[in-house]
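One structure is given here, and the rest of the page talks about it.
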Amino acid sequence: MSAITLKKVTSKKELKAFVLFPFSLYRLNTYWVPPIIKDEMDNFDPKINPVFQNAEAQFFLAYKNNQIVGRVAAIINWFEVNQQKIKKMRFGWFDMIDDLEVTKALLDKVEEIGKAHQLEYMEGPIGFNNLDKTGVLIEGFDHIGTMITWYNHPYYKEHLEQLGFVKEKEYLENKFLFKNVDGVYFDRISNIIKRRFKLTGLDFTKTSAILPYVDEMFEVFDKSYSKLSSYVPISEAQIAFFKKKYISFINPEYIKFVVDEHHKIVAFAIVMPSFSEALQKAKGTLFPFGIFHLLNARKHAKDVTFYLIGVHPEYQNKGVHAIIFEQYQKTFTKKGIVNCIRTPELEDNLAIKKIWEDFNPITHKRRRTYKKAIQY
């Protein structure tokens, strides 16, 4: 039996090999959606990504017969450890061939680092914070992935469970047909809620008009999600990074805010056109042709992904989401949208379940994070 060796990534060349490994692992898979290689490289660069102000990561490649057969990022979010007192060793960007010994070698390394920092348990696959991808896919392997989720082979779950990892959190991915949205109903309810609470829905046609609201939007995001067990606050530097990286590329008409009589944001939603097929065509690069596939999807995609949605706690369970859906109903009708796809949502997040229940959603994917105590 060939030995498995692990190598810590220490150069840009090795980091690129780390990023490229899934391209070979999933080269024949029609459901995997590749990232943009440069974006992924930038995400792992402490000089570019401000998440490294409060976190650290080490990247490892597994080799067998001089071939790369696996990868993992071993992550510590120091805000989580020191401020929230959650002694968690994170792992993410976790991929490997169907060889249990490779998986064990990668996770043993994660445990070793956690032990060196006196941490209590490992959880993954997760990223640095709540804006990153999360969870290993356990159902829905025959559905195309999205740009904001990881795709994986079915054996990932089996490997984790064989190595003693247990379910920590489960996430549901749902979708519904846009035609399930009753425009007349939401128009009526929206008008009632607006009058009752003196609220106004904001629509946009230019990105420049959105930017002044983004910091305040994240304040609402923080208040909306802070009670969830998985939540780690987003820093001002990370918000600025998010603005630069994403806001300018999202269709401005797909970002909606609800404000009160003092023009303070009480709810928001960010939707993106589905870039999945465009990213598959781009094959990891923007140039020379990848950018055209993405711009075409931005303009013409008939499927959309609900990326973020949040309602200030003071306005939850008051029907404020009806204002947002009334806004989207009008926008999506003009665009001819067919499918609405939701990002992974915690199965025990009852508030978010209630928001969607009117649309007859179908759960088409499930994913989990797995947990294991660090052995001393």
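Here's the yes/no breakdown for (1) surrounded by fewer than 17 Cβ atoms within 10 Å (Cβ to Cβ); (2) modelled with pLDDT under 95; (3) in the same structural domain as His159 (by TED's automatic domain parsing); (4) more than 15 Å from Phe176 (Cα to Cα):
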{"position": "Gln327", "(1), (2), (3), (4)": "no, no, no, yes"}
{"position": "Phe332", "(1), (2), (3), (4)": "no, no, no, no"}
{"position": "Gly336", "(1), (2), (3), (4)": "yes, no, no, no"}
{"position": "Ile341", "(1), (2), (3), (4)": "no, no, no, no"}
{"position": "Glu345", "(1), (2), (3), (4)": "no, yes, no, no"}
{"position": "Leu350", "(1), (2), (3), (4)": "yes, yes, no, yes"}
{"position": "Lys353", "(1), (2), (3), (4)": "yes, yes, no, no"}
{"position": "Trp356", "(1), (2), (3), (4)": "no, yes, no, no"}
{"position": "Asn360", "(1), (2), (3), (4)": "yes, yes, no, no"}
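Of the residues making up the stretch 65-101, those that are surrounded by fewer than 20 Cβ atoms within 10 Å (Cβ to Cβ) and under 21 Å from Gln162 (Cα atoms) are Ile97, Asp98, Asp99, Leu100, Glu101. Remark: pairs (first residue in the stretch 125-140, free of Cβ contacts under 8 Å to residues at least 60 places away in the same chain; second residue assigned to a strand (DSSP E or B) and of a type in the set (Phe, Trp, Tyr); Cβ separation under 9 Å; 6+ apart in sequence or on different chains) = Gly127/Trp93; Lys133/Trp93.
Arg366 satisfies every condition listed in (1) at pLDDT 95 or above; (2) part of a helix (DSSP H, G or I) except (2). When the stretch 194-217 is filtered for residues that are among the aromatic types (Phe, Trp, Tyr) and more than 18 Å from Phe249 (Cα to Cα), only Phe197 remains.
A single entry from Ala282, Ala301 fulfils the requirement of being crowded, with 18+ Cβ neighbours inside 10 Å, touching a Ser or Thr at 6+ places or on another chain (Cβ under 8 Å) and not assigned by TED's automatic domain parsing to the domain that holds Pro50: Ala301. Filtered by the rule that a residue be of a type outside the set (A, V, I, L, M), in contact with a helix residue (DSSP H, G or I) (Cβ under 6 Å, 6 or more places away or on another chain) and not in a helix (DSSP H, G or I), the stretch 325-363 gives Cys340, Glu345, Asn360.
Please work out if Lys115 is among the basic types (Lys, Arg) and more than 25 Å from the chain's Cα centre (by Cα). Yes; evaluated as a whole, the condition is true for this residue.
The selection criterion, being modelled with pLDDT of 95 or more and either closer than 26 Å to Lys8 by Cβ or hydroxyl-bearing (Ser, Thr, Tyr) (or both), does not hold for Val166. Give the number of residues within the stretch 112-159 that are hydroxyl-bearing (Ser, Thr, Tyr) and either outside the structural domain of Leu61 (by TED's automatic domain parsing) or assigned to a loop (DSSP other than H, G, I, E, B) (or both). Result for the stretch 112-159: 3. Restricting attention to the stretch 57-69 and to residues that are closer than 23 Å to Lys115 by Cα and free of Cβ contacts under 8 Å to residues at least 60 places away in the same chain, the residue that is farthest from the chain's Cα centre (by Cα) turns out to be Ala62. Look at the stretch 163-190: where a residue is within 21 Å of Ile362 (Cβ to Cβ) and touching a residue at least 24 places away in the same chain (Cβ under 8 Å) and a partner is in a helix (DSSP H, G or I) and not hydrophobic (A, V, I, L, M, F, W, C), sitting 6+ places away or on another chain with Cβ atoms under 7 Å, you get Val181/Gln329; Gly183/Gln329; Phe186/Glu326; Phe186/Gln329.
The values are calculated or read from the model by the stated rules, or taken from the named source; none is laboratory data. From a predicted model like this one, the values you see are computed outputs, not experimental measurements. Cβ coordinates were reconstructed from backbone atoms using ideal geometry, including for glycine residues, and neighbour counts include every protein chain displayed.
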